[in-house]
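All remarks here apply to the structure that follows.
Values in this text are rule-based calculations from the coordinates and carry no lab data. From a predicted model like this one, the values you see are computed outputs, not experimental measurements. Note: ideal-geometry Cβ built from the backbone for every residue, glycine included; neighbour counts use all protein chains shown.
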Amino acid sequence: MPAINKTRLLSNLRTLAEFGRYKTGVHRPTYSDQDMASRTWLAEKMREAGLAASIDGIGNVIGLGERPARARLLTGSHSESQNHAGWLDGALVVMYGIETSLAFKEDRSTAEFGID
C-alpha cells in the first residue's frame with residue numbers, strides 16, 4: 001500500500017505558497033510572473049514524480065504517467081489563486097496529486113497502476 005510522505009507534502013505546499021506570498025495567504029493571479037514561475041516549478045516536481053510534464057499553450061501544467069498501466073488515476077486542480085486567497089487554494093489538490101504519484105513510484109506493489 002503506497003504511503004504519503006507527510007513531511008515532503010507539507011514542504012512542497014509551503015514552497016508553492018512562496019510564489020506570490022501575501023501576508024497570511026497567496027496572491028498569484030493567472031499568468032502573473034509568480035504564477036508562471038510556480039507552473040515551471042510544478043512541472044519540475046511532476047518530472048521528479050515520474051511524470052512526463054509539459055505546459056501547454058494556455059498554461060496548463062500536465063503530468064502524464066510514463067509507464068504502461070492497467071488503470072490510471074486522474075487528478076487535477078488549479079495552482080493560480082484568487083486575489084489574496086488562502087495558501088491552499090487549489091494548491092492542496094495539485095500537490096496531493098504529485099505526492100500520490102511519488103508514493104506510487106516508491107511502492108512496487110502499485111507498478112500496474114498509473115497517475116496522470
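Some observations on this one:
- Residue list for the range 54-89, given a label point 7 angstrom along the Cα-to-Cβ vector of S32 and an amide N cut-off under 13 Å: 80-87
- Dimensionless Rg over Rh [the chain; C-alpha; Kirkwood]: 0.99
- Dipole orientation for the chain: of the candidates G57, G76, N5, N5 has the Cα lying most toward the positive pole (charges on Cβ; Lys, Arg +1; Asp, Glu -1).
- Fraction of alpha-carbon pairs over 13 Å apart in the range 31-83 - percent: 61 percent
- All other residues whose Cβ lies under 10 angstrom from that of G20 are scored, Lys and Arg at +1 and Asp and Glu at -1, for a net of -2.
- Summing Lys and Arg as +1 and Asp and Glu as -1 over all other residues whose Cβ lies under 9 Å from the Cβ of F113 gives a net charge of +1.
- Summarising the strand pairing of the chain, around 75 percent of its internal DSSP beta bridges are antiparallel.
- For K45, the lysines whose Cα comes closer than 21 Å to its Cα, not counting residues fewer than 8 places off in the same chain, are K6, K105.
- Judged by the ratio a/c of the largest to the smallest principal axis of the C-alpha gyration tensor, the range 1-49 counts as oblate, that ratio being 1.5 or greater while a/b is no larger than b/c.
- Computing FRET efficiency as 1/(1 + (r/R0)^6) for N60 and Q82, where r is the C-beta to C-beta distance and R0 is 25 Å, gives about 0.85.
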